[in-house]
Amino acid sequence: MKTGIKISHIAPCGINCRLCIGYTRAKNKCDGCLTPNTKCSRNCTLRFCTKREGEYCDHSCSSFPCLRLKNLDKRYRRNYGMSMIENLMQIEDLGIRQFVRNENTRWACPVCGELICVHRPKCLNCGTSRNA
């Protein structure tokens, strides 16, 4: 694999910013949710949630999963085959380091090894279908 996912790419809501089209595009590039003043998520209520006690939304929050997270998760499961709530549960169960290792394997293109963007059906590098 050429460009991997890092712990700093995992947003508080469980989304993997490294797989986002905003992160991969050349123009108006986002540097990830944890980067101050980033263009993509400045207004994200999950990013700036004051109920969260740790780095990530999890069971320590009495509102987990909150309505905003549920709605975002539903949209991503339906449109992109990724669940932020599942990601967060894996982070709780496995720890962030193992989760990131798993993500690097899960989202690697089987042909070229580059990470596949969650928002596109094909690898941006070689065109292989992400469901191949």
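The values are calculated or read from the model by the stated rules, or taken from the named source; none is laboratory data. Source: prediction; values computed, not measured. Cβ: placed from backbone, ideal geometry, glycine included. Neighbour counts: every protein chain shown.
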Does the range 61-78 contain any residue that is in contact with a Phe, Trp or Tyr (Cβ under 8 Å, 6 or more places away or on another chain) and among the hydrophobic types (A, V, I, L, M, F, W, C)? no
Does residue 68 satisfy the condition of being among the charged types (D, E, K, R) and either under 18 Å from residue 117 (Cα atoms) or touching a residue at least 24 places away in the same chain (Cβ under 8 Å) (or both)? no
Being among the polar types (S, T, N, Q), surrounded by 15 or more Cβ atoms within 10 Å (Cβ to Cβ) and under 19 Å from residue 22 (Cα atoms) is the requirement here; does residue 87 meet it? no
Out of 49, 13, 20, which single residue is modelled with pLDDT of 90 or more and out of contact with any strand residue (DSSP E or B) (no Cβ under 9 Å at 6 or more places or on another chain)? 13
Is the range 50-63 home to any residue that is surrounded by 12 or more Cβ atoms within 10 Å (Cβ to Cβ) and among the β-branched types (Val, Ile, Thr)? no
Within the range 95-129, can you find the residues that are more than 18 Å from residue 25 (Cα to Cα) and within 16 Å of the chain's Cα centre (by Cα)? 95, 96, 97, 98, 99, 100, 101, 102, 103, 104, 105, 106
Just checking: which of the helices (runs of 4 or more DSSP H) contained wholly in the range 8-114 hold 3 or more residues that are out of contact with any Pro (no Cβ under 8 Å at 6 or more places or on another chain) and among the polar types (S, T, N, Q)? 96-106
Inter-residue pairs, beta-carbon under 9 Å, first in contact (Cβ under 8 Å) with a residue 60 or more places away in the chain and in the range 94-106, second assigned to a helix (DSSP H, G or I) and loosely packed, with under 14 Cβ neighbours inside 10 Å, 6+ apart: 96/7; 97/7; 99/7; 99/93; 100/7
Quick check, is residue 32 surrounded by 17 or more Cβ atoms within 10 Å (Cβ to Cβ), in contact (Cβ under 8 Å) with a residue 60 or more places away in the chain, touching a helix residue (DSSP H, G or I) at 6+ places or on another chain (Cβ under 6 Å) and under 23 Å from residue 120 (Cα atoms)? no
